[in-house]
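The values are calculated or read from the model by the stated rules, or taken from the named source; none is laboratory data. Not measured: the values here are computed from a predicted model. Every residue, glycine as well, gets a Cβ built from its backbone with ideal geometry; the counts of neighbours run over all protein chains shown. Heads up: the accessible areas ignore ligands, DNA and RNA and are worked out on the full protein's heavy atoms, side chains in. Shrake-Rupley method; radii C 1.70, N 1.55, O 1.52, S 1.80 Å.
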Amino acid sequence: MSRPGDLTHPAYWGRGRRHLDPGAPMPTDEAEWFPPVAGVLGEHAGGRFLELGCAPGLVSALVCTRVAFSPHGVDFSGDADLYLETLKAAGLCDAVLHRGDLRNFRPDRPFDVVASFGLIEHFEDPAEILDHHDRMLRNGGLCLVVVPNFRKVQFLYHRIFDRRDMAMHNTAAMTPRLFADFARRRGHRVRYLGYAGRLRFWNAPTKGWLPRAVKKGVREAALELGRWLPADHPWLTPWLVYAGEKR
C-alpha cells in the first residue's frame, strides 16, 4: 500500500510496467553502469545480495550471474513473484523473495550488499529510502544505487514527451550531492559516484501512432548522436551510480 510521499503505487509496478517501456535502456544494459562498479562488487563476492524493489529480477540476475552472490529481493507489487521466475531462468534457484514494503522489512541479519535500481526517485524523500538501504547493510558492506538521470537534456525530453510518467519521478534524487550527503551522514566510504552511459532517451507507453512515431524518431536520433557525444556526461547520460561501503 502506498503512503503519503510515495510518487507511485503497487499497481504502477505491475507485470506490464516491469517488462518494460518501449525503447527503455534498463539497468541491465551493463555497458552503461556495470563496469564502473564491477570491481567493488567482486570484492564482496560470496555474500548475500539484497535488491530493494526487486521485481522482475532482471538486475539481480545480471549482477548475480557475474558475481557470486546469494540473491535476495524485497518487493510490494502484485507481480513480485516475477523476481523468482527471472532468477530461476538465469540458473539462480536459491533466490529468496521477501514480499512487502521495504520500509517494514526487518531482516534476521544484515546483508553484504544492499542495492536498488530505479527506486529512490519514486519518493518525495529519497534520503529516507537511502537510510533504509543503510539500515539493512552490515558494517563493511556495500550500498549500490542506480537512478535514471532525468535532468538537463534528459529533463527536456521527458518534459515534452513523457510528462505524466515524469510526475512519478523526483529529480532531486538524481544529483551527486544527495549521495555525497548520504555517504557523510552514514559514514560510507565512497567507491564510485558518477554518471554512466551515452545519450539516449526512453519513455512510458504512448497511445496513438503519431506520438509513438515522433518519440521513436527522437529516440533513434539521440542514439545516433550519442555515438559522437561524450560518454558519462552529466548533461546527457541516462544513469547516475553510487557505490559506498559502510564503515
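Details
- Percent carbon-and-sulfur accessible area, the chain, ignoring ligands, DNA and RNA, probe 1.4 Å: 55
- Straight-distance candidates among the lysines for linking to LYS152, with alpha-carbon spacing under 29 Å and chain neighbours fewer than 8 residues away dropped: LYS207, LYS215, LYS216.
- Sparse-neighbourhood loop sites, chymotrypsin sites (Phe, Trp or Tyr not before Pro) in the stretch 160-229 - DSSP loop, at most 12 other Cβ within 10 angstrom: TRP228
- R0 of 41 Å, Cβ-Cβ distance ARG109-ALA167: FRET efficiency to nearest 0.05: 0.60
- Counting only residues at least eight positions apart within a chain, or on another chain, the aspartates and glutamates with an alpha carbon under 18 Å from that of LYS88 are GLU51, ASP75, ASP79.
- Structural descriptor for the chain: relative contact order 22 percent, calculated from alpha carbon pairs under 8 angstrom and at least 6 residues apart.
- Shown here: semi-axes √(5λ) of the Cα gyration tensor in Å, derived from the displayed model; of the candidates (1) 32, 22, 17; (2) 25, 20, 18; (3) 28, 20, 18, it corresponds to (3).
- Relative to the current alpha-carbon distance between ARG3 and ASP131, full extension at 0.36 nm per residue lengthens the span by 44.4 nm.
- Ligands, DNA and RNA are left out, and with a 1.4 angstrom probe the accessible area of the chain is 46 Å² per residue.
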